[in-house]
Amino acid sequence: MLTVEQLVVQFEDKTAVSIDELSFYHGEKVAIIGRSGCGKSTLINHVFEQLRPTAALCSQRQGLVENLSVFHNIFMGALNRHSWIYNLANLVYPFKGPRQAIQQIADTLELDCSLSQAVSALSGGQRQRVALGRALYQRQALFIGDEAFSALDPVMGQRLLTQVLDRHRSVIMVLHDMDMALTHFDRVIGLREGKKVLDIDAKFLNLTTLEAFYKDSSDTVSAGGLNEGDKCVKNKSETAQIEPLQSVVKRY
């Protein structure tokens, strides 16, 4: 699906991400973990830029239009599927088909408010579910999420994560919830100070290992029975489908 090589992203004189090589494969569920400020959001936004035509993004920023309704904010996920005339008419008078489809998504996300409610009047958790609903309504094969459940309680977050995983062939998601990373994802990537220091199949990990990763200030993870052989992700059968991006340097 995607390989990045020699990726460097800088903001003025600060290097946010510096990764020698990282690959994502079709059909994988990948969790990206690390402390706040370690470059997770920068990395995932870069990945989305490369895969935008086939990916749906649920960002921390949400990007909701405050004075529009829940319905219209979720419907934005389908703007590219329709003509501008259709979208304009649907803005003035929402059509039955989209109303029903979006109501089903709202029910699935346990969004307990009217579709006509303005987003500006919603709580933080409701807003996050609207942003998630917009991503689901894009109906893409790949879902990219940046703390998509951070404003929700853990139990609801688990339920909605199941919905995301069921609806998408591939998922790349930034998480702080270690239990979610272990129980729902195939692979875990760990960042520290913008560098990849962990890239391993989730089956080789446990909570003790991940807790050590967050506490450890060195560039390796030695707790939980890992060794150098375990740290390498096995070669994937889809390697031929990877699109390499070499020596990418971004400066802002």
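The values are calculated or read from the model by the stated rules, or taken from the named source; none is laboratory data. Keep in mind that this is a model prediction, so the values were computed, not measured. All Cβ positions, even for glycine, are placed from backbone atoms using ideal geometry, and neighbour counts span all protein chains on display. SASA here: full protein model, heavy atoms, side chains in, ligands and nucleic acids out. Shrake-Rupley method; radii C 1.70, N 1.55, O 1.52, S 1.80 Å.
What to note about this one:
- Under-5 Å amide H pairs with residue 149, H placed in peptide plane, nonlocal only: none
- Based on protein heavy atoms only, the chain ends up with 49 Å² per residue of surface accessible to a 1.4 Å probe.
- Mean Cβ count within 10 Å, highest first, over the residues of peptides 146-159, 190-203: 190-203, 146-159
- Couplings for the stretch 178-186, taken from phi via the Karplus curve 6.51 cos²θ - 1.76 cosθ + 1.60 with θ = phi - 60°, read 5, 5, 4, 4, 6, 8, 10, 10, 7 Hz in order; Gly and Pro are left as x.
- Compactness of the stretch 61-186, expressed as Rg and Dmax over alpha-carbon positions, Å: 14.6, 46
- Carbon plus sulfur fraction of accessible area for the chain, probe 1.4 Å, in percent: 50 percent
- Working ranking of peptides 208-214, 172-178 by packing, defined as the average number of other Cβ atoms within 10 Å per residue, highest first, is 172-178, 208-214.
- Placing a pseudo-label 7 Å from each Cα along the Cα-to-Cβ vector at residue 211 and residue 176 gives an inter-label distance of 1.8 nm.
- Where Cα atoms sit under 14 Å apart: lysine pairs in the chain separated by 8 or more or lying on different chains: 9
- Each of (1) 14.6; (2) 12.1; (3) 13.4 is a candidate for mean projected area of the Cα convex hull in nm²; the one calculated from this structure is (1).
- Alpha carbon centroid spacing (whole Å) that separates the stretch 40-55 from the stretch 192-208: 20 Å
- FRET E, pair residue 156, residue 13, Förster distance 35 Å, beta-carbon r, rounded to 0.05: 0.30
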